[in-house]
Every structure is written in structure tokens, then in C-alpha cells.
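Novice: Sharing a structure, written as C-alpha cells. Questions coming.
Read-outs throughout are calculated quantities, based only on the coordinates presented, and are distinct from any laboratory measurement. Keep in mind that this is a model prediction, so the values were computed, not measured. Reconstructed Cβ throughout: ideal geometry from the backbone, glycine too, with neighbour counts over all protein chains shown.
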Amino acid sequence: MTSSRKKKQKRQWRQVDLHLHTPASADWAEPGVTFLDWLQATERKGLDIVAITDHNTVAGVARLRQELERLSWLENSGRLQNEEKAALKEFRRLGEKVLVLPAFEFTATFGFHVLGIFPPETSVRQLELLLLRLNVPADKLDEGSTEVGATADVLTAYRLIHEAGGLVIAAHANSTHGVAMRNFPFGGQTKIAYTQDPHLHGLELTDLESTGRRTTARFYNGSKPEYPRRMHCIQGSDAHRLRRDPKDKAHLGIGDRTTEVLLPDVSFEALKAIFEGHDFTLTRPYRAAKAPFDHVSAAREQGSSIVQSFHESMSRSGGRMHKVLCDVVAFANTKGGTIYVGVSASRKGVPAGIANPEEAIASLRAEMPRKITPPLEVTMDTLQSQGKQVLRLVVPEGSDKPYMIDDIKVYVRQEAETNLAVRDEVVQLIRETLAQTEPPAEKMGVPAATPQPTPWQEGRPVEPPKVGVQIVETVERKGVFYHTVKDLRNGNIVRNVTRESARKLWRYAITQMETNPVVADKVKWTGDVGLWQKRRRARKTRYDFVQRMTNGSLEVYYGVTEEGIEGVWQRLLEEEGTA
């Protein structure tokens, strides 16, 4: 069933539910439901776009199309009964109101679920051929079962669905059969691959409306060092019935948990473009009885980080516009990020707002080419928050680093702070750019380098945290201590840092090392790792961790925040009761 609505319209928020089952799924919970009943339920919920995602089958798509084709054939033959005529009229009316996309929920190796969603004109045979390529047995193509034996692995499923023109969504990623489940016994590198693969368009989550510090969407917002790719996060009903089960509210009905998408028209192409883009404010959880989701308030809840910053104004007085430009350069030299102007990072209070956003954007567009080199494309628009207009700048990671202000000043982002880059950081930025432009060594006839063990394997029982700093060497020259500091997020090493010249996090680490050195007997040990101390700073709890090396020496990791705490370090905090 397809919709004829292709005409371009003004962008509007459209309600979508991209995870819906039909009676073609073996675990459908309501007997006697027709496909017309199913379509009428989507309209009752005000849905604009839906996807039929039966388990490892497109039999539901086929049966819906067959019923419509049967009624159309009877009409052309002049054999329609009154009841059939009414049904055909209703099918066609609903076809103009709701865009129905053919899809499936595939069960990959180890039971992980993946949604493949396709253009409305995609044939059933094309989709069945794809399911066969994904190793769904031919004799199970019509069963609609979650269990279909040994199938393709997750990454192969992502790739084949994407190559077939589909939208690839990891189903209920944080829940049962999801690729981002917590405490699932597979390696960290596997989890990274399953959630950061370039063929994956988005994650479907069941906790999208949650506000806790450990929500899944916050985990994939680009601030985690091992998960630098920010992911589009949506929610869906995963409905196996028309209405919510009155005996078990967890069993949702059609349209009970949906997403709104800001679309120029109701089409698969417009929907897919959102997921292939980098504007994460174009989707939001649908709220039937509450105020619309406020992206600025959600950003303030997370606070300043390596991927976002806040400025209450950008007036030229006081150098405020210059600070915004410094952030632009810092994000371009790091991993990209979002800048909000007209609002502070404080979770409380109404934003100050921008009185004339168009003028502010025009000023920035005039100032950036004059101040920033090399040229950098920055997306700018406005968002509404608590009745105020807030300016948003989306800065991509630059491809021609280092980026500079006034041709001489290079800024980088270190966690929640923008800092002038020191010499070693500038050298590293240049090396990154050269590495992207130089051909691989083997193509030039040079043997590939022998892989070297990662530093944590050399005498370290476990891998260090992924955020914070480590002082790897200290020397004294004429009464002044010079330190070599390592950034645990990116591995960059900066030499000749003194307490006076250090930026905030480095200065904290140096001060602690010089005035409050670790005493092994006072560390709270769990095996070979331990907690030395913790403190609250800039709205975040920061931990100083210690690791006992195989030779008996100690390594200290200062200022570690939750973004870098996983595995043994997370278990350490849980055992200490501080997580």
C-alpha cells in the first residue's frame, strides 16, 4: 500500500511509528484482527508514517497488498458487493492519510533484532530475496517467528539492508534483543561496532523520555570517547496488538510510543534524509498530553561537554562573540559539536534568548570567513525554548586541521573546556590531516608496520579509563617541575607543562600529584584497581583512579568522569557504593 502524497509542503512535525507488527507475526496477541482494523488503528492514533515490521517475514505486507489488489480486481470486474465496496473505499481513504512502509524485524546472530524499512514501492519479492540473503530459511519466510535458526550477523545485516536502499534501525537497542543492552556478555569492541557502524542509521530506544544520567540516548550523544559518532535515537511502539493490554500496560498498542519528525513532506525519502543527516533536533519523542520536547532544555540537562557549549550572549562587548568563535574552532579541531547562544548551561531558569536571530546569524556569517581559517561550513538556525529563541551552531569536525583564529591561534576542546592548543597538540592536528591525505604505506611499496601492543597491555592488568589525564613523567629544571601529560580520551601527549602554564584539568592533576600524592595503603582497592579520591567540579563528579602495575608501581588517572568509566572501573565504583 502506498501513498500518493509526494507534493512538497512546509516542514511540519509528523508522528511516526516505525516498529509495528501485524497478525503476520507469530506472536501477534489479538486474534481476529483484519488489516483494515490495523490501518484504522494507525489513523486513530494520528500517525502519518508507519512501518510493518513483522518478524523475519514480509507476509503482512503481502497480505495487505493482496487484499487491496483483490478488491480492486473485483471492482474492475463489476463484482464488488456493498461490504467490499465500503472496505475498498476505506482502504483508499486511509492510503491518503497514512504512509505505510514495507519493512521487517530481522533476528540476527545471537538474537539481536534489526529493523529494515524500505520505500513504499519496494516489492515483496525484493524483500523476500533480501531475507534469503540474510539466511532466513525459505520454509520460514511466512512464519513470522522470532526464531529462524542461524542467520547473518548484525554487521552483515546492517550492510545488506542499507545496500538494498533500506533504513537501518537497531530495534529496542537498550532492551531485550538490543545491540546496546547493558551487562550483555560480549566484548566492548563488538558493542562499539554494533552501535557505531556506518550502515546503521539509528537506535530505537525504550528510555528516550528518561532524564537520568545513564540514559541510553545520553550514552550515544557523541561525548563518550569510544562512541564518538552521535546516533539518531527514536522510539517505537513495538506493538503486537491494536490497543494497550489492560492487564499488562507494558504491552503497548499501535501508536502508544511514537516519534515526531520534522519533515518537508510525508515520504520515505524525506524520512531517510533525516537519519542520514546530522541535525538531531529534527526528531523528538511524541508527547500527546505534554508540552513538545525541548531540545535546548535537554542539552542544558546534560551540560557543557566535549560536544556542546553554551553562551548567554554573543555581543561584541566583553569579547563574547570572540568566545563563540573560539568554540567553533575548538569543535572543528576536535570531534565537532553544537553551540547554543542565548542560554547558559545552568539547568534552571528561562533562557535569555536572542532578540534578533537573523541579525545574529548574519553577523556570524560575516565574521567567520574573516576570522577563521581555513574555511569552515557551520550550520546555524534557531530553536524555541520556554518561549525564547536560542541560536544553535552545528560545527562539523574539520577535514583540514588545524583551524585557527586570526591565522595564529589554535583552539581545541578538552571535555567541557575550550583551550588554546599547545605545541604538541598543534603537531598532532597536523599529523591527523596528513594521515588523511597520504596514501597507505603499502601502496607506496613500503611494508606495513608491525602492529604494536596498546600501552595498557604493557604491564597493565586492565585498560585505563577513557577520560581524564595521566602524568607520565616529571623532571625538575632549575627548581621548576615540568610534567608530561597524557589525555586519556585521545592519547595525545603534551610535554613541558608546569603548574602555572597548565589548563584547569591538567593543573588539578599536577597539584594533586605535587601536594597530595597517592598513598597505596589509603587507596580503596578492588584487585589491582582502586579509587583514591572523588570530588564534585563543574556539575560533574570526578574520580582519581589508581592502577597497580605488574612491577608493583602505581599509575594514577586524574579527573575521570562518567563518560570514561566502563567495565572494571564501573564495577569498582559499584562495589564502593559510589556509582
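Novice: How high is the relative contact order of the range 153-310? Use alpha-carbon pairs under 8 Å, at least six apart in sequence, and give a whole percent. Let's see the in-between values first.
Specialist: Details: 207 pairs, mean separation 24.6, N = 158.
Across the range 153-310, relative contact order equals 16 percent.
Novice: Which value in Å is the Kirkwood Rh of the range 309-425 over different Cα pairs? Please list the in-between numbers first.
Specialist: Numbers: mean 1/r = 0.0697 Å⁻¹.
Kirkwood radius, the range 309-425: 14.4 Å.
Novice: Count the net charge of all other residues whose Cβ sits under 13 Å from the Cβ of Thr156, scoring Lys and Arg as +1 and Asp and Glu as -1. Before the final figure, lay out the partial values.
Specialist: Values: positive: Arg133, Arg159; negative: Asp153, Glu163, Asp197.
Neighbour charge sum, excluding Thr156 itself: -1.
Novice: Which entries of Lys371/Lys466; Lys323/Lys388; Lys478/Lys534; Lys401/Lys486; Lys323/Lys371 have Cα-Cα distances beyond 24 Å here? Please report the intermediate quantities before stating the final value.
Specialist: Details: Lys371/Lys466 33 Å; Lys323/Lys388 22 Å; Lys478/Lys534 33 Å; Lys401/Lys486 21 Å; Lys323/Lys371 12 Å.
Check vs 24 Å cut-off fails for Lys371/Lys466; Lys478/Lys534.
Novice: I need the Kirkwood Rh of the range 460-576: take the reciprocal of the average 1/r across all distinct C-alpha pairs and report it in angstrom. It would help to have the intermediate numbers written out before the result.
Specialist: On the way: mean 1/r = 0.0688 Å⁻¹.
Taking every pair of different Cα atoms in the range 460-576, averaging 1/r and inverting gives 14.5 Å.
Novice: Assign unit charges at the C-beta atoms only (+1 for Lys and Arg, -1 for Asp and Glu), then state the dipole size of the chain relative to its Cα centre in Debye, rounded to the nearest 20. Kindly include the intermediate steps, with their values, before the conclusion.
Specialist: Values: 80 positive and 74 negative charges, 413 e Å.
The dipole of the chain has a size of about 1980 debye.
Novice: Quick check: net charge around Gly303, other residues with Cβ under 9 Å of its Cβ, Lys/Arg +1 and Asp/Glu -1?
Specialist: Working: positive: Arg300, Arg347, Arg539, Lys540; negative: Glu301.
Summing Lys and Arg as +1 and Asp and Glu as -1 gives +3.
Novice: About the Cα centre of the range 460-576, what is the dipole size in debye to 20, counting +1 per Lys and Arg Cβ and -1 per Asp and Glu Cβ, all else neutral?
Specialist: Numbers: 22 positive and 16 negative charges, 124 e Å.
In debye, rounded to 20, the range 460-576 gives about 600.
Novice: With +1 on the Cβ of every Lys and Arg and -1 on the Cβ of every Asp and Glu, and nothing else charged, how large is the dipole of the range 271-395 about its Cα centre, in debye rounded to the nearest 20? Spell out each step's value before the answer.
Specialist: Values: 16 positive and 11 negative charges, 62 e Å.
Dipole magnitude for the range 271-395 comes out near 300 debye.
Novice: Follow-up. Across 10 Å bins from 0, what is the distribution of all Cα-Cα pair distances for the chain, in whole percents?
Specialist: 3, 15, 23, 23, 18, 11, 5, 2, 0, 0, 0
Novice: Hey, what number do you get for the chain at 222 nm if only DSSP H runs of n ≥ 4 count, each worth -39500 (n - 2.57), divided across all residues, to the nearest 500?
Specialist: -8500 deg cm²/dmol
Novice: Near the amide H of Phe310, under 5 Å away, which other amide H atoms are found, from residues 5 or more places off or on another chain, if H is placed in the peptide plane?
Specialist: Under 5 Å from the amide H of Phe310: Tyr340.
Novice: Among Ala51, Ser25, Gln12, flag the residue with its Cα farthest along the positive direction of the charge dipole of the range 1-96, charges on Cβ as +1 for Lys/Arg and -1 for Asp/Glu.
Specialist: Towards the positive end, the residue furthest out is Gln12.
Novice: So what are the range 525-571's ellipsoid semi-axes, whole angstrom, largest first, if each one is the square root of 5 times an eigenvalue of the alpha-carbon gyration tensor?
Specialist: Values: eigenvalues 86, 25, 12 Å².
In descending order, the three semi-axes are 21, 11, 8 Å.
Novice: Extending each Cα 7 Å along its Cβ direction at Gln126 and Arg70, get the distance between those two points in nm, one decimal.
Specialist: Those two pseudo-labels are separated by 2.5 nm.
Novice: Mind listing the phi-derived Karplus ³J(HN,Hα) values for the range 476-492, rounded to whole Hz, using 6.51, -1.76 and 1.60 with θ = phi - 60°, and x for any glycine or proline?
Specialist: After applying 6.51 cos²θ - 1.76 cosθ + 1.60, I find 10, 10, 6, x, 10, 8, 10, 10, 9, 10, 10, 7, 5, 5, 10, x, 5 Hz.
Novice: Indicate the gyration tensor shape class of the range 177-305 (rounded, prolate or oblate), computed on the Cα atoms with a ≥ b ≥ c the square roots of the eigenvalues: a/c under 1.5 is rounded; otherwise a/b larger than b/c is prolate and the rest oblate. Spell out each step's value before the answer.
Specialist: Numbers: a/c = 1.42, a/b = 1.20, b/c = 1.18.
Because its axes are fairly even, with a/c under 1.5, the range 177-305 counts as rounded.
Novice: Based only on other Cβ atoms within 10 Å, what is the fewest-to-most ordering of Trp73, Trp506, Trp13, Trp532?
Specialist: The most exposed by this proxy come first: Trp73, Trp13, Trp532, Trp506.
Novice: Please work out how much length the chain gains when fully extended from Glu575 to Ser553, using 0.36 nm per residue of separation minus the C-alpha to C-alpha distance, in nm with one decimal. Walk me through the intermediate numbers first.
Specialist: Values: separation 22, 0.36 × 22 = 7.92 nm, distance 2.36 nm.
Extra length from Glu575 to Ser553 when fully extended: 5.6 nm.
Novice: So who's got an amide H within less than 5 Å of the one on Leu488, skipping anything under 5 residues away but keeping other chains? H placed 1.01 Å off N, in plane.
Specialist: Gly468, Val469, Gln470
Novice: Mind checking which of Thr107, Val427, Tyr227 is farthest towards the positive end of the chain's charge dipole, using Cβ charges of +1 (Lys, Arg) and -1 (Asp, Glu) about the Cα centre?
Specialist: Sorting the options by dipole projection puts first Val427.
Novice: Under the definition of Cα pairs under 8 Å and six or more residues apart, what whole-number percent is the relative contact order of the range 12-292?
Specialist: Values: 535 pairs, mean separation 61.2, N = 281.
Rounded, it is 22 percent for the range 12-292.
Novice: Between Arg423 and Val350, what is the label-point separation in nm under the 7 Å Cα-to-beta-carbon projection?
Specialist: 5.3 nm
Novice: To the nearest 0.05, how large is the calculated FRET efficiency for Thr176 and Glu96 if R₀ is 41 Å and r is the Cβ-Cβ distance?
Specialist: On the way: r = 37 Å, r/R0 = 0.89.
The formula returns an efficiency of 0.65 here.
Novice: Also: What net charge is computed for the residues neighbouring Thr146, neighbours being all others with C-beta under 9 Å from the C-beta of Thr146, Lys and Arg scored +1, Asp and Glu -1? Present the calculation step by step, with values, prior to reporting the outcome.
Specialist: Working: positive: none; negative: Asp27, Glu105, Glu147.
Neighbourhood net charge equals -3.
Novice: Additional query: Quick one: grab the alpha carbon gyration tensor of the range 12-292, order the square roots of its eigenvalues as a ≥ b ≥ c, and give me rounded if a/c is under 1.5, else prolate or oblate depending on whether a/b is larger than b/c.
Specialist: Details: a/c = 1.79, a/b = 1.44, b/c = 1.25.
It is prolate, given that a/c is not under 1.5 and a/b is the larger ratio.
Novice: Highest mean first, how do 523-530, 61-68 rank when packing is the count of other Cβ atoms within 10 Å averaged over residues? Don't skip to the answer; put the middle values down first.
Specialist: Working: 523-530: 16.8, 61-68: 19.5.
Top to bottom by mean Cβ count within 10 Å: 61-68, 523-530.
Novice: Would you mind calculating the relative contact order of the chain from Cα pairs under 8 angstrom and at least 6 residues apart, reporting the percent as a whole number? Walk me through the intermediate numbers first.
Specialist: Values: 1102 pairs, mean separation 57.0, N = 579.
That works out to 10 percent.
Novice: Give a residue-ordered list of calculated ³J(HN,Hα) values for the range 529-537 (Karplus: 6.51 cos²θ - 1.76 cosθ + 1.60, θ = phi - 60°; whole Hz; x for Gly, Pro).
Specialist: Coupling constants for the range 529-537: 10, x, 9, 8, 7, 9, 7, 8, 8 Hz.
Novice: Please give, to one decimal in nm, the separation of the simple spin-label points placed at Tyr482 and Arg370, each 7 Å out from Cα toward the Cβ.
Specialist: 4.1 nm
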